[in-house]
Amino acid sequence: MIGFYPVNEPNPYMKTDKQLDYPCLIVPDPLGKRKRFPIKRREATVGRDPSNDICIPDHLVSKFHAKLLVSNRSVTVIDLDSVNRTRLNGQVVTHAAVRYGDELQFARVKCQLVLTDRERRSSIIV
């Protein structure tokens, strides 16, 4: 039967979770290693508090610093009235569209938005 795939067998025409492209925020840890945070939902919160989707343990980052909104292929950053501001490519922003490869800075922590592992191989990470 055309188009029928048993539940236990993958549909070859459907992308699996590993094949989908997700925005991913690369965050340096205090030792300088980069940690990747894939954003698989429509919204991700960023801040110092461990309840955030992306926790940045830096005392200058606000508990609830910013949020990232994902819709279709676009990502928007919204500053949540943080004390030490959110920057996009060095410019202070309260609400801005973010492109893959852009630098997001939360207080003094510089991060980069990329597109999952496939993008990682083809783009330079700052």
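The values are calculated or read from the model by the stated rules, or taken from the named source; none is laboratory data. This one's a predicted model, so the numbers in the text were calculated from it and none came from an experiment. Just the protein is used for accessible areas: all its heavy atoms, side chains included, with ligands, DNA and RNA removed. Shrake-Rupley method; radii C 1.70, N 1.55, O 1.52, S 1.80 Å.
A compact table of results
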| read-out | value |
| --- | --- |
| Whole-number percent relative contact order across region 15-115, with pairs defined as alpha carbons under 8 Å at least 6 apart | 23 |
| Probe 1.4 Å, accessible area per residue of region 26-66, Å² | 62 |
